[in-house]
1. So, in the range 22-39, how many residues would count as being free of Cβ contacts under 8 Å to residues at least 12 places away in the same chain and crowded, with 16+ Cβ neighbours inside 10 Å?
2. If the requirement is being in contact (Cβ under 8 Å) with a residue 12 or more places away in the chain and either closer than 18 Å to residue 2 by Cβ or more than 17 Å from the chain's Cα centre (by Cα) (or both), which of these qualifies: 85, 19, 42?
3. Tell me, which residue of the range 1-40 that is among the polar types (S, T, N, Q) and assigned to a helix (DSSP H, G or I) is nearest to residue 74 (Cα to Cα)?
4. Can you pull out every residue in the range 25-61 that is basic (Lys, Arg) and closer than 16 Å to residue 100 by Cα?
5. Of the numbered conditions (1) modelled with pLDDT under 95; (2) over 15 Å from the mean Cα position of the chain (by Cα); (3) surrounded by 15 or more Cβ atoms within 10 Å (Cβ to Cβ), residue 3 fails exactly one; give the number of that condition.
6. Show the residue pairs that are 6+ apart or on different chains and have beta-carbon atoms under 8 Å apart, the first residue being within the range 2-13 and within 14 Å of residue 33 (Cβ to Cβ), the second being surrounded by 14 or more Cβ atoms within 10 Å (Cβ to Cβ) and among the acidic types (Asp, Glu).
Amino acid sequence: MAIGLGLLAAPEQSLRALGFSQISPATVAIARVAGIRDFVLGGVTLRALDDRERLLSATVANATADVGDIAAFAFAARSGESAAGLRGLAAALPATLAGIWVARRLS
């Protein structure tokens, strides 16, 4: 939820911290979309902590979103935003693997 809140509240600074070199109104809008997604997924996960089946569903949703992040950061790396792509991959890949591991433990 913290990453989502950061992308919502301070998208320009978050994009710079991720390593993006070119920030525009379009990238700020997409950062906010990603922030909302992360914030909502985090909230759903927190609300599911007392129900194993709901927690499994939330965990799978989070891991799936993280797979999407891997693809997005890989595209960024290939299209000239290599610093952002590599930083994003460094975060998204372990998050995906952790999500898969937790989902397997819950199922």
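The values are calculated or read from the model by the stated rules, or taken from the named source; none is laboratory data. Being a predicted model, the structure only gives us computed values, none of them experimental. With ideal geometry, Cβ positions are generated from the backbone for all residues, glycine too; neighbour counts draw on all protein chains shown.
1. 0
2. 42
3. Filtering the range 1-40 down to residues among the polar types (S, T, N, Q) leaves 13-14, 21-22, 24, 27.
Among the residues that remain, those that are also assigned to a helix (DSSP H, G or I) are: 13-14, 27.
Numbers: 13: 21, 14: 18, 27: 16 Å.
The selected residue is 27.
4. If the condition is that a residue be basic (Lys, Arg) and closer than 16 Å to residue 100 by Cα, then 52, 54 are the ones that fit.
5. (2) is the only condition that residue 3 fails.
6. Between residues of the range 2-13 that are within 14 Å of residue 33 (Cβ to Cβ) and residues that are surrounded by 14 or more Cβ atoms within 10 Å (Cβ to Cβ) and among the acidic types (Asp, Glu), the close pairs are 3/38; 4/38; 7/38.
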